[in-house]
Amino acid sequence: MISHPSRHCTVELQALPSRIGQVRRIVSAQLRYWHLDSLIDRAALGVTELLTNVHRHAQPDKTCTVEIELLLDRLMVSVRDHDPRLPVVEDPGDIAPLATCGRGLAMVAAMSESWGARPDGDSGKVVWFTLPTPTAARTTPARPRRRTAAEKPAHRFAEVEHAVDVARPQPTPARSAVAG
């Protein structure tokens, strides 16, 4: 039985340093909207590493698509670009101790549940990673208990279930179609 349908968020962009920060904020906002705050740091780190790889290595252009998908028991984050060359994980022994690059995919592998790369048609690839969702996010939220006639509220008119300030915009899911 499926208790929650899959949920998606897609962002298209040019993998430029200023855009990478924007996507990190979009991913963070979407995870907050899905009540997955505990995954924000790892998801933001992973997407930053994958977008940095597109910025540094992708040919012929830096256009890419970031997709986050909430499944029943995991979050999948993927980055699709137009370069068919699959990424190569550096051997830690071959990286100079003070090198500023070469550890990104190893870091993604260490902080994720799983990760990988696959060709995407004839002219591109998808690099992805997954994070397990917290148990609370996998269960259906309990319905509020209804009061019986014998139960009386402590302060009859003090209870407010949900106040809406019409002058203040209400939170909505993060959506973007950022053009490079």
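Observations, loosely collected:
- Where strands (runs of 3 or more DSSP E) fall entirely within region 36-129, those with at least 1 residues that are of a type in the set (Phe, Trp, Tyr) and over 19 Å from residue 14 (Cβ atoms) are at 114-119.
- Annotation note: Cβ proximity below 8 Å between a residue of region 62-76 that is closer than 21 Å to residue 111 by Cβ and in contact (Cβ under 8 Å) with a residue 24 or more places away in the chain and a residue that is among the aromatic types (Phe, Trp, Tyr) and open to solvent by less than 50 Å² (accessible area, probe 1.4 Å) (sequence gap 6+ or interchain) occurs for 70/34; 76/129.
- The C-beta contact set for region 22-42 (first residue more than 14 Å from residue 131 (Cα to Cα), second residue open to solvent by 80 Å² or more (accessible area, probe 1.4 Å), distance under 7 angstrom, 6+ apart or interchain) comprises 33/171.
- Within region 80-114, the set of residues being under 17 Å from residue 41 (Cα atoms) and in contact (Cβ under 8 Å) with a residue 24 or more places away in the chain comprises 104, 105, 107, 108, 111, 112, 113.
The values are calculated or read from the model by the stated rules, or taken from the named source; none is laboratory data. Predicted, not measured: the structure shown is a model, and the values here were computed from it. Quick reminder, even Gly has a Cβ in these numbers, built from the backbone with ideal geometry, and neighbours come from all protein chains shown. To get the accessible areas, we keep the full protein, side chains included, count just its heavy atoms, and leave off ligands, DNA and RNA. Shrake-Rupley method; radii C 1.70, N 1.55, O 1.52, S 1.80 Å.
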